[in-house]
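Have a look at the structure below, then the notes.
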Amino acid sequence: MDPLRLETAKPRNVSSATAAEVSGPFLPADAPMEMAAQSFWLRSASPRRTQLLQSRTAVPRVCIFLGTVAMTTAGAYEMYEVLQVGGLTTLEAIVLALFVILFAWVSFSFTSALAGFVRLVLRGHDPFHIETGTPIPDIDSRNAMLLPTYNENPYRVMARLQAIFESVEGTGHGFHFDWFVLSDTSDPAIWIAEEKAILEMRARTRSDRIYYRHRPRNIARKSGNIEDWVKRFGARYEHMIVLDADSLMTGDTIVRLVSELERHHDVALIQTLPVVVNARTMFARLQQFAGRLYGPMIAAGVAWWHGSEGNYWGHNAIIRVRAFADNAGLPEMAGRKPFGGHILSHDFIEAALMRRGGWAIHMAPGLGGSFEECPPSLIDFAARDRRWCQGNLQHLAVLPARKLHWVSRLHLLTGIGSYLTAPLWLLFLALGILISLQAQFIRPEYFGNEYSLFPKWPAQDPIRAAKVFAVTMGLLVVPKLLAYILLLTQTKNRKRFGGGTRVLLGIVIETILSGLIAPVMMIFQSAAVSAILMGRDAGWQVQRRDDGGIAVREMLSKYAMPSIFGVTMALTAYAVSLPLFLWMTPVIGGLLFSIPLAVLTSRPSSHGRSSSLFATPEEITPPPVLRRANELAQTASDCIGNPLHELRDNVALRERHLEMIKNQAPRERGQIDPDLAVARAKLDDADAFDDAVGFLNNRETFALLNSESDFCRLMQLPDPSSVAP
């Protein structure tokens with residue numbers, strides 16, 4: 001269900017006294033900073049190389065890659081021994097090649113997780129450790145908090161932003177920060193609700209350092225939104241903290257991040273580890289539990305060998321504005337969509353370009369105080385994943401860019417591989433079944449062209465096959481057990497999770513459910529990769545953040561493909577043999593029961609979360625910023641009124657809207673907006689305000705709200721309902 005309910009009720013006005021208290025402008029004076037698009041093929045001299053922490057990463061990287069190579073070699077040998085019993089056929093050779101790629105992928109992830117386990121057990125800090133629990137440091141710089149938003153519920157967005165604002169103010173360093181809501185919203189009702197929510201937040205906080213900017217044209221999506229801010233206001237600020245619409249951060253964490261950039265002048269970006277909170281459905285709670293329990297260990301291992309060549313995830317990170325402006329301007333990719341056009345997964349590229357420019361990029365997984373939310377259902381998760389898939393596959397064209405650090409290329413390759421492995425797993429399973437069918441139903445070639453006394457029978461070694469399967473599953477499951485062992489050594493953290501027994505039971509159930517969900521995601525990701533390769537653009541849909549309720553028709557249509565694959569795979573495997581069917585039960589079961597599983601996991605939790613199986617520390621003992629954000633969200637209204645009636649009835653809101661559109665860049669000479677032209681024609685036909693409101697559709701309303709003269713003309717139309725009889 002859409003959380004935004006359109007209503008035509010008369011809105012509550014911001015009182016004149018309140019408006020006077022926050023009479024500052026919606027935007028500060030411009031402070032332009034140049035930000036040019038970078039070339040991926042530059043031929044200039046190599047940039048300076050940062051020496052920060054470089055000497056500490058050689059040993060970790062050797063350990064990670066030697067471990068991966070050793071495990072992959074051993075796995076490849078065992079798989080070869082499985083397949084070569086009767087001689088390696090063409091299909092078996094393909095299966096072997098696929099296995100080597102996929103096993104290397106699993107081994108690489110396992111070694112990073114193992115490294116994180118060892119680091120945390122030995123109480124080792126990540127290379128860029130930021131002290132916590134000490135007095136908040138002093139800071140001197142000017143900083144901007146940036147919250148890009150696109151058609152989100154504005155009242156919930158402002159609830160989270162106000163909680164962060166109050167937390168920063170509570171540190172005593174609030175005067176070092178300005179706050180910007182950067183809207184790319186295209187729905188006129190949500191746009192005006194954003195302006196109203198900003199006015200109300202400024203009134204509640206009595207702050208005129210909370211600014212709002214709306215772009216009439218959302219060029220290049222989020223990356224273009226941030227770039228537009230840098231070009232217009234960036235020269236005033238030394239650092240920017242980029243948030244998402246569902247982000248939360250504590251003031252303590254934010255101030256410490258600023259302090260670190262002030263102390264380390266070669267660092268351009270520090271990425272925090274966001275923890276999932278506010279999960280309301282079984283699916284979201286699984287993600288929340290897994291991320292909270294396994295995430296810190298994996299992140300510790302990754303940060304250990306990444307060193308100063310870290311990555312950027314697009315939010316909950318602090319960035320040096322000058323380094324970003326000089327190095328991270330994104331060019332438009334050549335060709336047609338989905339590979340051409342503006343870069344979608346911009347964060348990986350921005351980090352790579354800043355590192356190419358000689359700046360260090362770090363991750364601080366042990367800092368804490370960084371939170372985000374999760375999509376409520378697998379369908380919503382897959383929709384977001386589809387956009388990420390297209391963005392990451394775009395990186396294929398960036399991989400050969402000149403002068404990128406090899407670790408930055410590895411980040412890009414890892415992002416690409418996270419999606420290409422899905423169709424590779426699907427192909428691996430399909431070929432495995434095909435080989436079994438061949439052995440069962442196709443008569444072997446008894447005597448080939450070469451001389452032989454014995455026929456060639458397709459054959460495999462079942463004992464070795466079982467061992468290879470067990471080892472592969474072990475590499476996937478053991479990191480979860482390592483995280484549990486690590487938790488047992490942390491008395492305080494174990495109590496915050498609700499005790500070791502409950503966590504162990506949660507791990508078992510989470511592993512089973514995740515194992516059933518994995519084949520469905522394999523089908524979804526394979527379909528996404530296929531659609532993208534065929535040229536279908538993902539678009540820019542609004543992310544659903546409600547309690548996960550999904551219509552039956554949508555559920556059936558989305559899960560039809562996984563169900564069909566499950567039936568086909570089950571029948572084929574059973575036709576070969578019952579043992580093969582039983583062997584593939586985990587995959588077949590996940591696909592066959594994808595619809596019931598989707599219904600089960602998308603339902604809102606009906607019991608107290610803090611006492612449930614998948615409880616996390618943030619549920620049992622919520623941090624103050626999370627409690628405050630949820631309090632504000634509960635008291636906020638979800639109702640969005642008609643934007644034109646809102647502006648007609650609310651003088652303060654109307655004045656602020658006029659102020660904002662007066663400060664917009666004028667349209668280019670000769671540029672014609674067809675929606676505005678139609679809106680003007682409809683205004684000509686309207687005898688009263690309500691007539692015009694009834695005539696205009698959403699696109700025309702949006703165009704009219706961006707035109708100062710036409711908006712004033714609409715507001716001057718007579719309103720019969722306001723005249724006393």
* With Cα atoms, 0 to 90° folded angle of helix 651-662 axis to the chain main axis -> 70 degrees
* Does the chain classify as rounded, prolate or oblate by the C-alpha gyration tensor (a ≥ b ≥ c root eigenvalues; a/c under 1.5 gives rounded; else a/b over b/c gives prolate, otherwise oblate)? -> prolate
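Dipole magnitude of the stretch 666-722 about its Cα centre, charges +1 at Lys/Arg Cβ and -1 at Asp/Glu Cβ only, in debye to the nearest 20? Walk me through the numbers before you get to the answer.
On the way: 6 positive and 12 negative charges, 50 e Å.
That gives the stretch 666-722 a dipole magnitude of about 240 debye.
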* Structure fact -> Quick calc: nm separation of the 7 Å Cα→Cβ label points for VAL552 and GLN664 -> 4.4 nm
* Asked: Hey, what's the Cα Rg ratio for the stretch 173-241 versus the globular rule of thumb, 2.2 N^0.38 Å?
  -> 1.18
* In order through the stretch 619-632: 3J(HN,Hα) via Karplus (6.51 cos²θ - 1.76 cosθ + 1.60), integer Hz, x for Gly, Pro -> 7, 5, 10, x, x, x, 5, 6, 4, 5, 4, 5, 4, 5
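With both partners inside the chain, how many of the DSSP beta bridges are antiparallel, as a percent to the nearest 5? Could the numbers behind the result be given before it?
Numbers: 11 of 38 bridges.
Restricted to the chain, the bridges split so that about 30 percent are antiparallel.
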* **Cβ-derived FRET efficiency at R0 45 Å, LEU396 paired with LYS492, nearest 0.05** => 0.50
* Asked: Which far-off residues, 5 or more places away or on another chain, put their amide H under 5 Å from the one on THR281, with H placed in the peptide plane?
  -> SER605
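Note down the Stokes-Einstein diffusion coefficient of the stretch 666-722 in µm²/s, whole number, using a Kirkwood radius over alpha carbon pairs, 4 °C, and 1.567 mPa s.
Details: Rh = 11.6 Å.
Value of D from the Cα-based Kirkwood radius: 112 µm²/s.
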* Structure fact -> If one compares the long axis through the Cα atoms of helix 282-306 with the longest principal axis of the Cα atoms of the chain, the angle in degrees, nearest 10, works out at 80 degrees
* Spherically averaged projected area in nm², based on the convex hull that wraps the Cα atoms of the stretch 255-407 -> 9.8 nm²
* To do: Multiply the residue separation of ALA70 and ASP638 by 0.36 nm, subtract the distance between their alpha-carbon atoms, and state the gained length in nm to one decimal.
  => 198.9 nm
* Cα long-axis angle, helix 500-533 against the chain (0 to 90 degrees, to the nearest 10) -> 80 degrees
* Structure fact -> Computed ³J(HN,Hα) along the stretch 93-103: with the Karplus parameters 6.51/-1.76/1.60, θ = phi - 60°, integer Hz and x for glycine or proline, the list is 5, 5, 4, 4, 5, 5, 4, 4, 4, 6, 5
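I want to check a number: in the chain, how many lysine pairs have alpha carbons closer than 18 Å, given a sequence separation of 8 or more or different chains?
Qualifying lysine pairs in the chain: 4.
Pop the C-beta distance of LEU427 and ARG502 into the FRET formula with R0 = 60 Å and round what comes out to the nearest 0.05. Could you put the intermediate results ahead of the total?
Values: r = 39 Å, r/R0 = 0.66.
Calculated value: 0.95.
Could you pull out the longest piece of the chain with no exposed loop GluC sites (Glu not before Pro) in it, calling a site exposed if DSSP puts it outside H, G, I, E, B and it has at most 15 other Cβ atoms within 10 Å?
Values: sites that count: GLU34, GLU131, GLU332, GLU445, GLU450, GLU668.
No qualifying site falls inside 451-667, the longest such stretch.
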* Structure fact -> Computed ³J(HN,Hα) along the stretch 586-591: with the Karplus parameters 6.51/-1.76/1.60, θ = phi - 60°, integer Hz and x for glycine or proline, the list is x, 6, 4, x, x, 6
* At a Förster radius of 30 Å, what calculated FRET efficiency corresponds to the Cβ-Cβ distance of GLU131 and LEU481, to the nearest 0.05? -> 0.50
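No value in this document is a laboratory result; all are computed from the given coordinates. Since the structure is predicted, the reported quantities are computational estimates derived from the model, not experimental observations. Using ideal geometry, Cβ is built from the backbone for each residue, glycine included, and neighbour counts are taken over all protein chains shown.
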